[in-house]
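J.: Before anything else, here's the structure in question.
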Amino acid sequence: MANTVNNNNNGNSAMSTTTTSSIATTAQCPEMVNESNIIDSEEISPKIFKFFHRLAAEKGFKEYELITRPISEFGENSYGLVLQMTMKALTSNDLEIATSKELISIVKISPKHPARRAQMHVADFYAKEVLMYEQVFGEYRKLYEERLQALNYPNESLPFNVVPDMLYYSLEANNEFIIFEDLSISGYKTNARMQMPTYNLVMETFRSVAQLHALSFVLQARKPQKFNALIANIKEDLFIENMATVTVEFGKRYIKRARNLLLQDPKHQKKHIEILQKIEDNLRKILPDCVKGAKAAPYSVICHGDFWNNNVLYKYDINNQAVSAKLIDFQISRYSVPVLDLIHYLYTCTEKELRDKYFWEFMNAYYEALEKHLRFYGLDVNQIYPRSIFKQQLRDYGIYGFYIAAFSIPFFISNKNDIPDFDVVADAVKSISPSSSSSISTCSSLSSSDEELMEEYRISSEMAHLPNEKCLEILDEYDMLTERTAPVFKKRMTGIVEDLIKYEMLDNILKL
C-alpha cells in the first residue's frame, strides 16, 4: 500500500490510501531547486511544489533538494514539457525507519504559448489524459477486483498493470500538469526514438496493448452503461470532418513527397504512383472515417491513439530481452477499432523487413493475448471479437497506418535540430487563421479566462477555405526532410505501400 494524493478541481487536495504499485513516489521543495539543464522554474506550477512539499512532510523529510531533468528531446512531446523530478532528503525525521532518501516522479507540464495551445487543443488533451487515468483505468481496476472476488482470489491472476500510476494533477486553465510514478524506478526504460524496435519489443508491445483493449471489451460487456458514458466523453480531436487546411496539407505534402521520390526511381511500379495519388486525394474523407468507433461497434474499443515507439517502456531480463511493456501518454486516446493502434505502431516504428518476416506472428500474438485476458473475465473472444472481424478490420483500416506514417515519420527520423519550434509554427499558422467564435473544446471544463484565450486563437472550420498557397508557404518554410532523411523516408513509405498491396488493405480507397 502507498499513499497517493488525489486532486480536485479547485486545486485543494485530500490524502487517501489506495492500492498502488510499490514503486517509490516523489516529493519536492520550492525553496531548494537545482535547475539542471536550464529548466525555467517559472514553468513549474506552485501547485506542483505544494504537492511535493506535503508528500515530503509525510515521508519525514525536514530538508530536501529538488533536481529537475527533461526526459524528452525537443520535438518528442508537442503537448508540453516532460520532467523527471527527484527529491533528495538532506535531513530526515529521527523516528523514520527504512524510508527512501530519494523520491522520483515524472511531471508533464502543458505549453503556455496561446496559439500553440489553441491549435493543439492542449486543454482538451490534458483533460482527456486525466479522464483516462482517473475514470477509464479506474473502471478497469474495479473490474479486476470484482473478478478476483467472483473467482475467490485465484493464485494466478491477470491484473490491469500496463500503465503507470497517476499521482496528482491540475487542470487549471493555462497551467495544466499531471504527475506520474517514474517507471524507471522499477526497471522500465524507453527504446531510443530513432532506434527500430526488435522482434522481441514488438511482441511485448502487442501483448500489453492487447490487455488495454481487452479491458475495454470487458467493460463494454459487463457495464455497458458505464462504457457508453465514458466513450461519450472521449471525443476525436485530430482527424475531424473540418480538419484545418494546414493539417490536411501537411499530410498531403509528405504523401506527395513520397510519390515524387518514387517517380525519380524507374524501378517502382506505376501502380505505386497511382495508389499514392488516390491516397492523397482522399485524405480528408478517409482519415475521419477511420477514427469513427461507433461505425464499427461493437467491435471498437478505447484505443491508446498515439501508439508509437516513445510511448512504450520495457523491462528487460538478464539476457537483455524485454519481458514486459508499459504504455504511457494517453492524451490522444480515442474510441475506434483496435487495429488502429497495431497498424499505427507497425507502420510508423518498424521497417518492411521485420514485417515481412513476422507480420502475422505479431498479429497472432496480439490476438492470443486478447483471448487470454477475455477468458480470465469469463468472455469468449469468438463472440466478443471474432478473428474474422479482426482480419477484416486489418484490411479495411490498414490505410490509416499509411496516413499516420506520412504525418509522423518526418518527425521520427529527424534530428532534433531539424524539427521546427512548435511555438514558432503555431504563430505562423495563426497569422493565416481567421478569428472565429466556434468552439472545438471536447472534454475539459475551462475557466472563462482560458476559454477567451482559446477562442482568440481558435482554428475554426473556416480554415478549410483558406487559400492553399498560404498553408503551403508555411510547409515549405518548415519542411523537415533533408538530404539524409529523404532516402529513409522514401524507403519506409515505399515499404508501407507494398504492405498495403500485400495485405489487401487498399480495397476501400481504390473504390473511391
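The values are calculated or read from the model by the stated rules, or taken from the named source; none is laboratory data. All values derive from a computational prediction rather than experimental measurement. Glycine also receives a Cβ, built like all others from the backbone with ideal geometry; neighbour counts cover every protein chain displayed. Quick note on the areas: whole protein, heavy atoms, side chains included, nothing else; ligands and nucleic acids left out. Shrake-Rupley method; radii C 1.70, N 1.55, O 1.52, S 1.80 Å.
Each row is one residue, and each column tells you yes or no for (1) open to solvent by 20 Å² or more (accessible area, probe 1.4 Å); (2) assigned to a loop (DSSP other than H, G, I, E, B).
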site	(1), (2)
103	no, no
112	yes, yes
127	no, no
132	no, no
135	yes, no
149	yes, no
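J.: Helices (runs of 4 or more DSSP H) wholly in the range 380-434 with at least 3 residues that are of a type in the set (Lys, Arg) - which ones?
T.: 387-397
J.: All but one of (1) at pLDDT 90 or above; (2) closer than 30 Å to residue 364 by Cα; (3) outside any helix (DSSP H, G or I) hold for residue 192, so report the exception by its number.
T.: Unmet condition: (1).
J.: Go through the range 204-301 and tell me which helices (runs of 4 or more DSSP H), entirely inside it, have 2 or more residues that are of a type in the set (D, E, K, R), open to solvent by 10 Å² or more (accessible area, probe 1.4 Å) and within 18 Å of residue 399 (Cα to Cα).
T.: Result: 245-263, 270-281, 283-290.
J.: If you don't mind, there's one more thing I want to ask. So, residue 284, is that one modelled with pLDDT of 95 or more and of a type in the set (Lys, Arg) or not?
T.: In short, no.
J.: Answer with yes or no whether residue 364 is out of contact with any Gly (no Cβ under 7 Å at 6 or more places or on another chain), modelled with pLDDT under 95 and of a type outside the set (D, E, K, R).
T.: For residue 364, the condition - out of contact with any Gly (no Cβ under 7 Å at 6 or more places or on another chain), modelled with pLDDT under 95 and of a type outside the set (D, E, K, R) - is not met.
J.: Determine which member of the set 199, 140, 168 is within 24 Å of residue 110 (Cα to Cα) and either surrounded by 14 or more Cβ atoms within 10 Å (Cβ to Cβ) or of a type outside the set (Asp, Glu) (or both).
T.: Criteria check complete, one pass: 168.
J.: Here's a check for you: in the range 302-315, which residue that is open to solvent by 20 Å² or more (accessible area, probe 1.4 Å) and more than 15 Å from residue 202 (Cβ to Cβ) is farthest from the chain's Cα centre (by Cα)?
T.: Going through the qualifying residues, I end up with 315.
Residue-wise test of (1) out of contact with any Phe, Trp or Tyr (no Cβ under 7 Å at 6 or more places or on another chain); (2) under 26 Å from residue 390 (Cβ atoms); (3) at pLDDT below 90.
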position: 216; (1), (2), (3): yes, yes, no
position: 228; (1), (2), (3): yes, yes, no
position: 242; (1), (2), (3): yes, no, yes
position: 270; (1), (2), (3): yes, no, yes
position: 290; (1), (2), (3): no, yes, no
position: 301; (1), (2), (3): no, yes, no
position: 306; (1), (2), (3): yes, yes, no
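J.: Out of the range 90-109, which residues are over 14 Å from residue 183 (Cβ atoms) and modelled with pLDDT of 90 or more?
T.: Across the range 90-109, the qualifying residue is only 109.
This table checks each residue for (1) outside the structural domain of residue 413 (by the TED database); (2) outside any helix (DSSP H, G or I); (3) at pLDDT 85 or above.
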position: 470; (1), (2), (3): yes, no, no
position: 473; (1), (2), (3): yes, no, no
position: 486; (1), (2), (3): no, no, yes
position: 492; (1), (2), (3): no, no, yes
position: 496; (1), (2), (3): no, no, yes
position: 504; (1), (2), (3): no, yes, yes
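J.: Could you check the range 470-496 and list, in sequence order, the residues that are within 27 Å of the chain's Cα centre (by Cα), within 21 Å of residue 195 (Cβ to Cβ) and charged (D, E, K, R)?
T.: Within the range 470-496, 490, 491, 492 meet the criteria.
J.: Just wondering, is there one or more residues in the range 344-362 that are outside any helix (DSSP H, G or I) and either without any contact (Cβ under 8 Å) to a residue 24 or more places away in the chain or open to solvent by 30 Å² or more (accessible area, probe 1.4 Å) (or both)?
T.: yes
Let's see how each residue does on (1) in a loop (DSSP other than H, G, I, E, B); (2) under 25 Å from residue 339 (Cα atoms); (3) touching an Asp or Glu at 6+ places or on another chain (Cβ under 8 Å):
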position: 138; (1), (2), (3): no, yes, no
position: 142; (1), (2), (3): no, no, no
position: 158; (1), (2), (3): yes, yes, no
position: 173; (1), (2), (3): yes, no, yes
position: 180; (1), (2), (3): no, no, yes
position: 196; (1), (2), (3): yes, yes, yes
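J.: Kindly indicate whether residue 265 is in contact with a His (Cβ under 6 Å, 6 or more places away or on another chain) and either over 23 Å from residue 403 (Cα atoms) or not aromatic (Phe, Trp, Tyr) (or both).
T.: No; evaluated as a whole, the condition is false for this residue.
J.: Now a separate question. Read through the list (1) modelled with pLDDT of 85 or more; (2) open to solvent by less than 30 Å² (accessible area, probe 1.4 Å); (3) under 21 Å from the mean Cα position of the chain (by Cα), then give the number of the only condition that residue 56 fails.
T.: Every listed condition holds for residue 56 apart from (3).
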